[in-house]
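We did not get these values from a lab; they are worked out from the coordinates using the rules stated. Everything numeric in this text was worked out from a predicted model, so none of it was measured. Every residue, glycine among them, receives a Cβ derived from its backbone with ideal geometry; neighbour counts consider all protein chains shown.
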Amino acid sequence: MPQYLSRDGLGKLKKELEERKGQIRTEITRKILAAKELGDLSENAEYVEAKEAQSFNEGRIAELEEIIKEAVVISNGNTHDIIVVGSTVRVKSPQGEHRFTIVGPAESDPTQGFISNESPLGSAFIGHKKGEEVEVKTPGGVVEYKILEIA
């Protein structure tokens, strides 16, 4: 399944992958070796903690490699006529005006205005035009948004 990412987002994931494969892996290996020197591994909290960190790190490496392999870089080269992945939209709702950028799930950060194309809000906006009204089902009920601008 494609993973939609901005060029910056892909760069950040590649940097994280490089750090996890290099310095983080090396540091965890150092901690494991140091813990082994303490003796009995069955009751060695440092060893258990280091092995858990290793497991998490290796899982994240596998996840990052999969995301990067499936990455589709989004561009802002659309005509700004309709909302697509990569569009930044300014909308108005009963709660006021908001600005959102539609991104893939790997870059999603709603607190910063980056919403996933797979989220209820993001998927509701996709394909709509400036001036249209979009109803979005939320846990608190249906919220109506008016699209003011697409960039």
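Here the chain is assigned +1 on the Cβ of each Lys and Arg and -1 on the Cβ of each Asp and Glu. Its dipole about the Cα centre then comes out at about 480 debye. Straight Cα distances below 12 angstrom link LYS14 to the aspartates and glutamates GLU63, GLU65, GLU66, with same-chain residues fewer than 8 positions distant left out.
Loop-located GluC sites (Glu not before Pro) across region 47-150 with a Cβ neighbour count of 16 or fewer within 10 Å are GLU70, GLU118, GLU132, with loop assigned by DSSP.
Step by step: find N for the chain, compute 2.2 N^0.38 Å, then divide the Cα radius of gyration by it. What's the final number?
Output field value: 1.44.
The lysines within cross-link reach of LYS130, meaning a Cα-to-Cα straight distance under 22 Å and a gap of 8 or more places when in the same chain, are LYS92, LYS146. Within the same chain, lysines fewer than 8 places from LYS15 are excluded, and of the rest, those with a Cα less than 19 Å from its Cα are LYS69.
Seen from LEU121, the other residues with C-beta closer than 13 Å to its C-beta sum to a net charge of -1, counting Lys and Arg as +1 and Asp and Glu as -1. Mind running the shape call on region 3-73? Use the C-alpha gyration tensor, a ≥ b ≥ c as the square roots of the eigenvalues: rounded below 1.5 for a/c, prolate if a/b tops b/c, oblate otherwise. It comes out prolate by the Cα gyration axes.
Neighbours of GLU37, meaning other residues whose beta-carbon lies under 14 angstrom from its beta-carbon, give a summed charge of +1 when Lys and Arg score +1 and Asp and Glu score -1.
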